[in-house]
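Have a look at the structure below before the remarks.
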Amino acid sequence: MAGKDDNEARGRAGANQSHLWRPYAQMKTSSPPLAVARTEGCRIVLEDGRELIDGIASWWTACHGYNHPHIRAAVERQLAAMPHVMFGGLTHQPAETLARRLAAMLPGDLDHVFFSDSGSVAVEVAMKMAVQFGLNRGATGRTKFVAFRGAYHGDTTGAMAVCDPDDGMHARFAGLLPQHLIVDLPRDVAGVAALDDLLARHAHEIAGIVVEPLAQGAGGMLFHDASVLRALRDAADRHGVLLIFDEIFTGFGRTGSMFACEQAEVVPDIITLSKALTGGTLPLAATVARRHVFEAFWSDDPGHALMHGPTFMANALACAAANASLDLFEREPRLLQVAAISAALKAGLAPCRELPGVRDVRVLGAIGVVELQRIDNVDTLRQRFIAEGVFVRPFGNVVYLAPPFTIAEDELAVLMCAVVKVVGANPASS
Ligand SMILES: Cc1ncc(COP(=O)(O)O)c(C=O)c1O
């Protein structure tokens, strides 16, 4: 039987010539992935020799472009000294330095850094921190979170449970997930009053409020004003719940400031970081807590310790890459580059407003979004971008650009022209 199963498996794999199971992909019908030989600057070089300008910086990570020599050299040095060592009972300079630098960069007393290896896990850690914060202070039963429609916080079950439950990609898993309070962002007086009312009724069971500040990314590239974040801070304080900002997408310059929270002048109690943390070279994430959160765990009771510890926590290669990435933010004019990209996106995507089937065009920092009435076949649209020599991945009903900050003017112009052309030819627009 084993032989037969093996043969069948080989037959199926042979049909698409790969044993890989791919992300978010219907393996039967989606176009085969493009084989990449190497990356360079803002370009993805395919095995067949074609070059694509990357419009989305590898899921928003490659903020300095690819293969930056400074990051590469730092990782090579670290590889020779020590690629990894477990973090239980041991520590190392790359992690100590990175934690100190992150604490210094982040606003207020966001000073205590817990490393993990992916954004989803950083969110899980933030949620566990918030729940145990209550438990350590004697408040049992605070296990629920307030989160928002349009949100996306990751693919692990804890994080999935605070994503948009209806329109999000996790809707079909409802039965698996704990139930939280998912509501509209408080965008006006009535919204703030509704949130206040919800918190008044449920504060005894709520550990925290979780939000992606200024830009909800994978939930639809939806933007909101800084005033929303100030309202959340006030509401969290009024009702004694923690405020968690998920800056996994927005952190490290993407919205125009180093962290989105700076634009609102709001200090959350916990912040999550990942994606551009290592300049897109190695997986690393951080959950950073303010002093009062950390102090709730500071005790003679071993049971008050934060009960989390990923095997690859604070991986030394990743920490070295992140330190090098922070050097680049210090030495090179990244935020000025973001401002220039922002201005170019506003001008370059404006013609999309006139195209049929376009519902909205919006820009925030180095994020440019064209929202359509609908996209009937996202795969077709993606293939059209490839034919234009660019790598752009529409999803839901949005076509967006979130390029590396180092992108050249002419490369960005190619990306924007491709968006105007492909959106103009979108069959759903007719
Ligand atoms: C805001 C936000 N939070 C969490 C995540 C999950 O990160 P990861 O894919 O590294 O688990 C993402 C990923 O897109 C994200 O955009």
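May I ask you to order 202-209, 296-303 by the average number of other C-beta atoms within 10 Å around their residues, highest value first? Before the final figure, lay out the partial values.
Details: 202-209: 20.5, 296-303: 10.5.
My ranking of the peptides, most packed first, is 202-209, 296-303.
Using Cβ contacts closer than 10 Å as the measure, can you line up 346, 144 from fewest to most? Mind dumping the intermediate values first?
Values: 346 13, 144 21.
Arranged by neighbour count, lowest to highest, 346, 144 become 346, 144.
What ratio of Cα Rg to 2.2 N^0.38 Å holds for the stretch 239-337? Before the final figure, lay out each step's value.
Values: Rg = 15.5 Å, N = 99, 2.2 N^0.38 = 12.6 Å.
Cα Rg divided by the expected 2.2 N^0.38 Å: 1.23.
Starting from the Cα of residue 346, draw a straight line to each of the lysines and keep only those under 23 Å, dropping any in the same chain fewer than 8 residues away.
Here the lysines satisfying the reach criterion relative to residue 346 are 421.
List the lysines whose Cα sits under 23 Å from the Cα of residue 275, skipping any in the same chain fewer than 8 residues away.
Counting by Cα, and skipping residues close in sequence, residue 275 has these lysines nearby: 128.
Quick check: the angle from helix 2-16's long axis to the longest principal axis of the chain, C-alpha only, nearest 10 degrees?
60
I need 313, 86, 127 ordered by Cβ neighbour count within 10 Å, fewest first. Walk me through the numbers before you get to the answer.
On the way: 313 19, 86 11, 127 27.
Neighbour counts put them in this order, fewest first: 86, 313, 127.
In deg cm²/dmol, rounded to 500, what helix-only [θ] at 222 nm does the chain give when every DSSP H run of at least 4 residues adds -39500 (n - 2.57) and the total is split over its residues?
Working: 14 runs with 163 residues, N = 430.
Rounded to the nearest 500, the figure is -11500 deg cm²/dmol.
I need two numbers for the stretch 67-176: Rg to one decimal and Dmax as a whole number, Cα atoms only, in Å.
Using the Cα atoms of the stretch 67-176, the pair Rg, Dmax is 18.1, 50 Å.
Stick to the Cα atoms of the chain, pair each with every other, and give me the Kirkwood hydrodynamic radius in Å at one decimal. Don't skip to the answer; put the middle values down first.
Numbers: mean 1/r = 0.0439 Å⁻¹.
Evaluated on the chain, it is 22.8 Å.
At 4 °C and 1.567 mPa s, grab the translational diffusion coefficient of the stretch 125-178 from Stokes-Einstein with a Kirkwood Rh over Cα pairs, rounded to a whole number in µm² per second.
Taking Rh from Cα pairs, D becomes 109 µm²/s.
As a footprinting exposure proxy, order 330, 212 by other Cβ within 10 Å, with the fewest listed first. Walk me through the numbers on the way to the answer.
Numbers: 330 9, 212 26.
Ordered from fewest to most neighbouring Cβ atoms within 10 Å, 330, 212 come out as 330, 212.
For the peptides 186-199, 63-76, what is the packing order when you average, over each peptide's residues, the other Cβ atoms within 10 Å and list the highest mean first? Intermediate results must be reported in sequence, preceding the final value.
Details: 186-199: 15.1, 63-76: 19.1.
Packing order, densest peptide first, comes out as 63-76, 186-199.
For residue 376 and residue 413, calculate 0.36 nm times their separation in residues minus their Cα-Cα distance, and state this gained length in nm to one decimal.
Working: separation 37, 0.36 × 37 = 13.32 nm, distance 2.63 nm.
Taking residue 376 through residue 413 to full extension adds about 10.7 nm, to one decimal.
Computed over the Cα atoms, what is the radius of gyration of the stretch 214-266 divided by 2.2 N^0.38 Å, N being its residue count? Let's see the in-between values first.
On the way: Rg = 11.3 Å, N = 53, 2.2 N^0.38 = 9.9 Å.
This ratio for the stretch 214-266 stands at 1.13.
Mean-square fluctuation check for the chain, GNM, Cα pairs under 10 Å: which of 172, 254, 230 is largest?
Fluctuation is largest for 172.
Compute the distance in nm between two label points, each set 7 Å from the Cα along the Cα-to-Cβ direction, one at residue 85 and one at residue 305.
1.9
Tabulate in residue order the Karplus-calculated ³J(HN,Hα) for the stretch 17-23, using 6.51 cos²θ - 1.76 cosθ + 1.60 with θ = phi - 60°, rounded to whole Hz; enter x for Gly and Pro.
6, 7, 8, 7, 9, 9, x
Using only Cα atoms, what Kirkwood radius does the stretch 20-110 have, in angstroms?
Numbers: mean 1/r = 0.0590 Å⁻¹.
Computed over Cα pairs of the stretch 20-110, the Kirkwood hydrodynamic radius comes out at 17.0 Å.
Output the 0 to 90 degree angle, nearest 10, between the alpha-carbon long axis of helix 378-387 and the longest principal axis computed from the alpha carbons of the chain.
Tilt relative to the chain: about 60 degrees.
For the stretch 188-262 and the stretch 46-101, compute the distance between their C-alpha centroids and round to whole Å.
Answer, in whole Å: 30.
Readers should treat all values here as calculations from the given coordinates under stated rules, not as data from a laboratory. None of these values were measured; they are calculated from a predicted model. Glycine also receives a Cβ, built like all others from the backbone with ideal geometry; neighbour counts cover every protein chain displayed.
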